[in-house]
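The values are calculated or read from the model by the stated rules, or taken from the named source; none is laboratory data. Small disclaimer: the values here were computed from a predicted structure and weren't measured. Note that we place each Cβ from the backbone using ideal geometry, even for glycine, and neighbour counts take in every protein chain shown.
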Amino acid sequence: MGGVDQEELDALVAGNVRAARARLKLRQEDLADELGWSRPVVGTLENGNRRVTLADAVALCRALQISLPDLLAGAPADVFESLGIDRHKA
């Protein structure tokens, strides 16, 4: 991805996960239970210190009741283009 640094994308996804979890009034423990993860794994992800795999992204979207474009909200346009997502229609 030419337009975005991987660490920046990790931090962006981390912030979007935190925000979505807060909107649902879930604790990290609640999200971890929903995902079958441990609470420290959720914490590491929310701190931007854990890479999100495609399988993780699907599980997070399902657990947080958000779309992939919502999970990637704030990312540069080339991220959406690389994934074939029209962020304006999603």
ask   = Among the listed residues Ala57, Ala77, Ala32, which satisfies the condition of being touching a residue at least 60 places away in the same chain (Cβ under 8 Å) and either of a type outside the set (S, T, N, Q) or more than 20 Å from Ala11 (Cβ to Cβ) (or both)?
value = Ala77
note = The residue that is nearest to Leu72 (Cα to Cα), considering only those in segment 31-61 that are of a type in the set (D, E, K, R), surrounded by fewer than 16 Cβ atoms within 10 Å (Cβ to Cβ) and touching a helix residue (DSSP H, G or I) at 6+ places or on another chain (Cβ under 8 Å), is Arg51
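Quick grid of which residues meet (1) hydrophobic (A, V, I, L, M, F, W, C); (2) closer than 22 Å to Leu26 by Cβ:
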{"residue": "Asn47", "(1), (2)": "no, yes"}
{"residue": "Val52", "(1), (2)": "yes, yes"}
{"residue": "Arg62", "(1), (2)": "no, yes"}
{"residue": "Gln65", "(1), (2)": "no, yes"}
{"residue": "Leu68", "(1), (2)": "yes, yes"}
{"residue": "Ala75", "(1), (2)": "yes, no"}
{"residue": "Ser82", "(1), (2)": "no, no"}
{"residue": "Asp86", "(1), (2)": "no, no"}
query = Hey, does segment 43-51 have a residue that's modelled with pLDDT of 95 or more, farther than 21 Å from Glu7 by Cβ and not in a helix (DSSP H, G or I)?
reply = no
message = Quick check on my filter: what residues within segment 20-30 are exposed (fewer than 15 other Cβ atoms within 10 Å of the Cβ) and either part of a helix (DSSP H, G or I) or modelled with pLDDT under 95 (or both)?
response = Ala22, Arg23, Glu29
Among (1) buried (at least 18 other Cβ atoms within 10 Å of the Cβ); (2) in a loop (DSSP other than H, G, I, E, B); (3) at pLDDT below 95, the one test that Leu9 misses = (2)
request  = Inspect all residues belonging to segment 63-76 and state whether any of them is modelled with pLDDT under 95 and more than 12 Å from the chain's Cα centre (by Cα).
outcome  = yes
request  = Inspect all residues belonging to segment 77-87 and state whether any of them is in a helix (DSSP H, G or I), crowded, with 17+ Cβ neighbours inside 10 Å and either at pLDDT 95 or above or touching a His at 6+ places or on another chain (Cβ under 8 Å) (or both).
outcome  = no
